[in-house]
Amino acid sequence: METNEIKNLEYLKKLATEHFQTLKPVNDQSQTYTAQIRVLNYFELGCVITDLLKLCILALHHNRHKISENNEKESVDVALLLETVLSLFPLDELEFLSYVREMVDGDLHLKS
């Protein structure tokens, strides 16, 4: 490989190490990844799970299962669900992809 290509590859490996944080490889032969959801405790995890289920029920059956807006224990905490989704959004990986795009664009301009 040329010196510039080696430097680019080393830089890409460094960026990947710094920015690929959302997916963690599973330590087996399955070649799969895990994504973590950060919660304060088991109760918050339970709230996230039950709210996801309630939201699915509402979407499928349009309140047919009588999930009451008046009963706090049965209402869906949309803010908690949105916070969970936001925590899963892979901003570090997207930042990495932006760096890769800049490198590719720079390389294409040099070859032109």
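Quick note: the coordinates plus some simple rules give every number you see, no bench work behind them. Keep in mind that what you see is a predicted model, and the values were worked out from it rather than measured. Positions of Cβ are generated from backbone atoms using ideal geometry, with glycine treated the same way; all protein chains shown enter the neighbour counts.
Could you work out how much longer the chain between residue 12 and residue 50 gets when fully extended? Use 0.36 nm per residue separation minus the Cα distance between them, nm to one decimal.
Numbers: separation 38, 0.36 × 38 = 13.68 nm, distance 4.06 nm.
Extending this stretch completely gives an extra 9.6 nm.
Label residue 43 and residue 94 with points 7 Å out from Cα along Cα→Cβ: what is the distance between them in nm?
With each label placed 7 Å out from Cα toward Cβ, I get 3.3 nm.
Would you calculate the separation in nanometres between label points at residue 101 and residue 82, each defined as 7 Å from the Cα along the Cα-to-beta-carbon direction?
Result: 2.5 nm between the two label points.
Ranking request for peptides 5-13, 95-103: highest mean number of other beta-carbon atoms within 10 Å first, then the rest in descending order.
Working: 5-13: 11.8, 95-103: 13.4.
Per-residue mean Cβ counts within 10 Å order the peptides as 95-103, 5-13.
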